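The values are calculated or read from the model by the stated rules, or taken from the named source; none is laboratory data. Predicted model only: the values in this text are computed from it and were never measured. So basically every Cβ, Gly included, is an ideal-geometry build from the backbone, and we count neighbours across all protein chains shown.
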Amino acid sequence: MSYFHLNLILKGKLTVCCLLMLPAIPLNAQREAKQIGDFKESISLNEHLRGTKRTLQYRPDGDEFVCVNGKNRYTRALYGSHSPFRVETSDRPVFAFYNNGRGGNISFKVILRDGTELALDCTGHCESRYSAGKRTYYLTDPSWGKGELRISVLALADMDGAIWRFSPSNMPKGAILRWQHGGATGKRLSRNGDMGVDPADCFELPAEATDLVTGELSLQKEVYLVRGEVPEDYNVRKLYQQAEAASLALASHFKIETPDPDSL
């Protein structure tokens, strides 16, 4: 039996100590399939990876988790309202909405004046960070010269939607951002898109998608994009500030400190 000491520090300086007892199961142990219910409910699609060599993909930096040039897609969800809605984010800036099959895929590309196109999930360098319900990205690419692009995305606090902020610096003249949203299938996934249970590509844009919506934004100054169920008369800056404030307020009520100093 293995023991794990977890300190939960709640608002008001109240500390709750939990001593969890975990069975000492070898990492390469194979779990037998249950013979009842949905097969996908019983067996992870990652069973074949048990016991394989792993590499560190995310590192802590203060209150943030950092990943550089990562490859995982749709592995960090952002939640806002009290509905089942969520924004699936990736190590690189490609996204999906989940709301019982009605969400769809959201992707971006930069188009230069000479016609050069680059999808934002294919840039030469991408540093992504996650903290307090927000995902941020820092992007550069040789085709942009000294150009830099910073992106932050948040789920809206009281509506089923998300907001992106794009902050360019030294981007080539005439550079535009083209966004694309579509691919809502209307199908409910077997475990609501849980990692390792539903197929890894369940949030990708279907080749046969017919509901695509596209738009363009200039990258000569800071711009915002909002997608989802939002009122027509919204103010983008105010909407972003409200979403960020709600996320920070929620995170301030709960803090986990690990490892336990007494175990070092």
In the stretch 195-227, how many residues are at pLDDT below 90, touching a helix residue (DSSP H, G or I) at 6+ places or on another chain (Cβ under 8 Å) and not β-branched (Val, Ile, Thr)?
1
Do we find that ASN69 is in contact (Cβ under 8 Å) with a residue 40 or more places away in the chain, touching a Cys at 6+ places or on another chain (Cβ under 9 Å) and within 17 Å of ILE151 (Cβ to Cβ) in this structure?
yes
Can you work out which of the residues in the stretch 137-157 that are assigned to a strand (DSSP E or B) and surrounded by 19 or more Cβ atoms within 10 Å (Cβ to Cβ) is farthest from the chain's Cα centre (by Cα)?
LEU149
I'd like the residue in the stretch 158-172 that is closer than 18 Å to THR136 by Cβ and aliphatic (A, V, I, L, M) and, out of all such residues, is surrounded by the fewest Cβ atoms within 10 Å (Cβ to Cβ).
MET171
Considering (1) β-branched (Val, Ile, Thr); (2) over 14 Å from ALA155 (Cβ atoms); (3) in contact (Cβ under 8 Å) with a residue 40 or more places away in the chain, say which one VAL226 fails and leave the rest.
(2)
Determine whether GLY80 is within 14 Å of GLY161 (Cβ to Cβ) and either surrounded by 17 or more Cβ atoms within 10 Å (Cβ to Cβ) or within 15 Å of the chain's Cα centre (by Cα) (or both).
yes
With modelled with pLDDT of 95 or more, touching a Pro at 6+ places or on another chain (Cβ under 7 Å) and surrounded by fewer than 16 Cβ atoms within 10 Å (Cβ to Cβ) as the only criterion, which of GLY115, GLY124 stands out?
GLY124
Do the conditions hold for ALA207, that is, is it small (Gly, Ala, Ser) and exposed (fewer than 12 other Cβ atoms within 10 Å of the Cβ)?
yes
Does the stretch 138-153 contain at least one residue that is among the small types (Gly, Ala, Ser) and modelled with pLDDT under 95?
no
So ALA207, is it under 21 Å from ALA132 (Cβ atoms) and small (Gly, Ala, Ser)
no
Pull up the stretch 125-162, narrow it to residues that are touching a residue at least 40 places away in the same chain (Cβ under 8 Å) and among the small types (Gly, Ala, Ser), then point me to the one that is nearest to PRO93 (Cα to Cα).
SER128
Within the stretch 215-262, which residues are under 20 Å from PRO168 (Cα atoms) and among the β-branched types (Val, Ile, Thr)?
VAL223, VAL226, VAL236
If you go through the stretch 215-264, how many residues are assigned to a helix (DSSP H, G or I), among the acidic types (Asp, Glu) and loosely packed, with under 13 Cβ neighbours inside 10 Å?
1
